[in-house]
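Scroll down for the structure; my scribbles are underneath it.
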Amino acid sequence: MLDDYNPRAHNLRPCFLDPRDEKITWLTTPNPESFRELVALAQSDPKFKLPIDVKKFFAGVEDLPGLSVERLNADENYDTIAGEEQESARARKVQNDYSLYEPLDHDKREIRIALLLQGPKEAPINVVIVRMSYPWTQRAYMALSYCWGPSGETRPIYVGHAARKVGEKEKTGLRDQGFDCTAGLEIALQALRQEDQFVAVWIDALCINQADPEERAYQVSIMSEIYANAASVCIWLNLEEEQSIAMQAIRTIGTEKDRVRAEKDVPDSVSDVRMVQMMLRNGSFMSTKGAVTTEYILQILTGLFKNPWFRRVWVLQEVSSARGEVFLLGNNAPAVSWSHVLFADLFISVAYKFLRLKISGLTQPWRDFERNERGPAGGSPQRVPILELFEGVCQQFDATDTRDKLFGLLAMGQETHDILALSPLIAPDYRKSVSQVYIDFTKWCIITSRSLAVLGYVTFLQRGHLGGSDRLTLPSWSLSPVPKFDGHGSKLSEVPEFHASGDVELDLELIIASSKNATPSLQLGGCRLDTISNVSKMYFSNRWYDNSDLYIMNPETNTYYSGGLKYIWSQVGWGGRRAYDYRFLTTLTCGGMQQHGNCDHAKGVHRTKWFKASDMYQDFAAYWVRNQKEDAHNGGDEEMKLFCLHVRGLLVSLAEKGSADNFAELLLNASRKAFGTTNRGRLGMCPPGTREGDVVVALFGGKAPFVLRRLEHTASSEADGWEFLGECYFQDFMDGQHIRRKMTDNDPGEIFDLR
C-alpha cells in the first residue's frame, strides 16, 4: 500500500524551513531540548516564521511544558511569505520626473553616461548626463554594479542634462533637476567621487529612463555590451562592520596564497584546491584586527557572501560580460579584485569539506560561472542553455521586477545572447505582464526546440504566487519565476534514450493555433497510456549539502523527513521480501540513469551511464549500511533486519563491494517524485500532487510520459481541459512501443488542451 503514514512510526526526523534565509533547523525526534531552542528563537525574533502547521506536529511531542505555539506565527504558509517578499521588491521602485530624458537614437546605438562631478566629501552629489554614440570606447567609463536598496530610504542628488541639437541651433548649458536615488546609491556615489576630476560612470538608475518601458527593453538588450565595453566594473557593497573585515580577509587570503607559493616554491602546475589545503594547514591569518583563527575568517566570509548583491539577478550578467578590471568596493573597506573573491569562495568550499564547519560561500549559479564563464585567457563567456540558467537563478536570485528573472539572463544564454535578433515571444518587453512573459517563454522553448523538453523543467518550476496586484495567473504548463519548489532533480524529458512518444513529431501548427485562444492554453497531440490507482502523498527529495540522504517531503506542511530509505521499504518494498526485485531499483533510479560530466543537451552532448539492476544491488547495499549507521541514534537498521532472512544474507555479502556514493548519485533521479501504481499494476515515479484517477499520457514530441488531470467544463471552451502535473517514469512506457503499436493500428490519438 502507498498510504500516507505517521512519521513517528518510522522514526523520521522533521526539519522546519525558515524562508527568510533558507536556513534549515534540524530536530531529532524525540529531543525536547531542540524544540525549546526553536521556541526560544521564535520568541526572541518576531520575524521568525515557520511555513508549517506546527500545531499538528507539536500535538504529538511530549515534555514541552508551557509551549505557546501561537507565538510562532506558524499559521502562515509558503505562498503568503513569497507574496510578501515580492510585494516588498516591487516597493523598491523610486518615483522620479524623467521629462528631461530625451529619446536615445537607436540607429546610432546611443547610451547615456553619468559624469560624476568632482567635489569635497560633504558636498551634495552633482551628476551631468551626456549621450554617447557607438563605439562607446571613445570615452573611458566605469560601469557600476550595486543593489538599489529599499525605496523608502531615498537621498536627493542633482542631475544635469546636456542639451542636444534642435533644428539648426544648438542649445548650450545644462538643464538640471532634483532627483531622488536610493540611499545605497548615494553612498556609492560619495565613495566614487574624486576631489580633483570628474568620473564617467554608467549607472542604470540614472542612465536609463525608467519611466519608458520601450527604452528599458532596448537598454536591457544591449546591457551586456555596456558592461563589456566599460574600462572597469565597480561592484559596490553596502557593508556591515564584519563584512568590511571580510573584504580585508579576502585580500589577505590572496596575499597568503602568493606567499605560500613563494616560500614553499610551489610550481604553477599545482591547483588552487591544493593551495587552499596547504593554507588551511597553516592555521591562521592576519586581518585588520590582528591575528585571528581560520574559523573566524571563514565565518565572516560566509556573512559577506550573504550580502544582497550576491543574490541580485542582474549581477550575473554584469560580471560575466566584463572585459576590463572587476573589483569590489564597500564602505570602510579596501578595493578587492573579483579574482580574489572567486579564490575566497574556493577557499570556503574546500574548508567546508576539510574542517566540517557550518559555512557557505557563493550560491551554485556563481560557481557554475566560476568554472565555465571564461576561457584560459579571460576571453568571451561560454554560453549556457537558457533553461539551465533560468532553473539555477529563479529560486536563488532576486529581481525588483520579476520579469528580469528572464530578461536579465538572455545575454548569457546559449540560444538567446543575440538579443536584438530574438523572437517577440522572448525578447525583452516591459509592456507585457509578468504572466505573459513566462507563458511566451515556455512556448518559445517548445517552438524553437521542436520538443517538449521544457515540460521537464515545468515539472520542477511550476507556478507559485506573487501576491498583490501582480498575482501570477499562470497556466499549469508554464514555467514560473517564483516556483513553489526548487528545480533540483533529473529532467527525464531531456534524456535522449527515452522515446515515450514513439518519436512522433510535435504538431507546431496546433501550438500556434492555441496561442490565439482567449484563455492561455497549450494544445498537444498524444495518447492515453494508463490511469493512476494509488500514489504516495509524500515525495522524495535529495539535499546534497547535508549527507546525500534521501528525504521525504510532506507538501501539506512543507516539512522534510530523513530516514527516507526505510520509508520506501515499509511502504513499497512489500516488507522486504520483494525488495530485491529488479523492478523496484529500476523504478527508484528511473532506469538506473547516471548523468555525469557536463551534459550539453542543446549540442547533443549526453554523458549518461546506465546501470542494470544486477549492477546496482551492491551499491544499494553499501548505501543502506552507511545511511543506517549514520542514523543509529534514531533506530537505524544497519544489520538489515527489515529484510527477510534470504534477502538480508545476499545484501550483507554485497555491501562491502559496493559504493554508497554511487547509489546516492543514482537517487538524484528520485528527487521530486513519488511512488505510484496504475490500474494495470505498473509501478512508477510520479510528480508531486498526483492523485488517484490522474491519467498517464504520451504527448507527441515528448521523451518522457506525463501525468495530466481532467478539469471540469469551463465557460471559455466547449471541451474540457487538462491540468499538467509533470513528467513521470514508468518502465513499460519509456521506449515508445505502446505508441508505435497505436500508430500501426491507425489510432491517431487525441488532442489534450492543457490549461
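Output the number of residues of segment 104-131 satisfying the condition of being open to solvent by less than 10 Å² (accessible area, probe 1.4 Å) and either among the polar types (S, T, N, Q) or not in a loop (DSSP other than H, G, I, E, B) (or both).
7
Given the options Pro748, Pro705, name the one that is open to solvent by 10 Å² or more (accessible area, probe 1.4 Å) and either touching a strand residue (DSSP E or B) at 6+ places or on another chain (Cβ under 8 Å) or not acidic (Asp, Glu) (or both).
None of the other options fit; the residue is Pro748.
For segment 135-157, indicate whether the set of residues that are assigned to a loop (DSSP other than H, G, I, E, B), surrounded by 15 or more Cβ atoms within 10 Å (Cβ to Cβ), out of contact with any strand residue (DSSP E or B) (no Cβ under 6 Å at 6 or more places or on another chain) and of a type in the set (S, T, N, Q) is non-empty.
Yes.
Please go through segment 380-439 and give me each residue that is closer than 22 Å to Ala211 by Cα, of a type in the set (S, T, N, Q) and part of a loop (DSSP other than H, G, I, E, B), ordered by number.
Result: Thr400, Thr402, Ser433.
When segment 292-330 is examined, which residues are found to be surrounded by 19 or more Cβ atoms within 10 Å (Cβ to Cβ) and in contact with a Gly (Cβ under 8 Å, 6 or more places away or on another chain)?
Thr294, Leu301, Phe305, Val313, Trp314, Leu316, Gln317
In the list Ala655, Ala660, Ala698, which residue meets the criterion of being touching a residue at least 12 places away in the same chain (Cβ under 8 Å) and within 27 Å of Ala453 (Cβ to Cβ)?
Within the list Ala655, Ala660, Ala698, the selection yields Ala698.
Listed residues Glu665, Glu638, Glu656; which is open to solvent by 40 Å² or more (accessible area, probe 1.4 Å), under 30 Å from the mean Cα position of the chain (by Cα) and not polar (S, T, N, Q)?
Glu665
Could you tell me which of the residues Ile552, Ile568 is buried (at least 21 other Cβ atoms within 10 Å of the Cβ), at pLDDT 65 or above and β-branched (Val, Ile, Thr)?
Going through Ile552, Ile568 in turn, just one is buried (at least 21 other Cβ atoms within 10 Å of the Cβ), at pLDDT 65 or above and β-branched (Val, Ile, Thr): Ile552.
Quick one: what pairs do we get from segment 303-326, first residue under 24 Å from Ala249 (Cα atoms), second open to solvent by 10 Å² or more (accessible area, probe 1.4 Å) and acidic (Asp, Glu), C-beta under 7 Å, 6+ apart or different chains?
Partner pairs satisfying both residue conditions: Gly303/Glu242; Arg311/Asp398; Arg312/Asp398; Ser320/Glu373.
Would you mind telling me which numbered condition in (1) of a type outside the set (Ser, Thr, Tyr); (2) buried (at least 19 other Cβ atoms within 10 Å of the Cβ); (3) part of a loop (DSSP other than H, G, I, E, B) Gly684 fails?
Among (1) of a type outside the set (Ser, Thr, Tyr); (2) buried (at least 19 other Cβ atoms within 10 Å of the Cβ); (3) part of a loop (DSSP other than H, G, I, E, B), the lone unmet condition for Gly684 is (3).
Residues that are modelled with pLDDT of 90 or more and not in a loop (DSSP other than H, G, I, E, B): does segment 350-363 have at least one?
No.
The values are calculated or read from the model by the stated rules, or taken from the named source; none is laboratory data. Everything numeric in this text was worked out from a predicted model, so none of it was measured. Positions of Cβ are backbone-derived with ideal geometry, glycine not excepted, and every protein chain shown enters the neighbour counts. Only protein heavy atoms, including side chains, enter the accessible area calculation; ligands, DNA and RNA are left aside. Shrake-Rupley method; radii C 1.70, N 1.55, O 1.52, S 1.80 Å.
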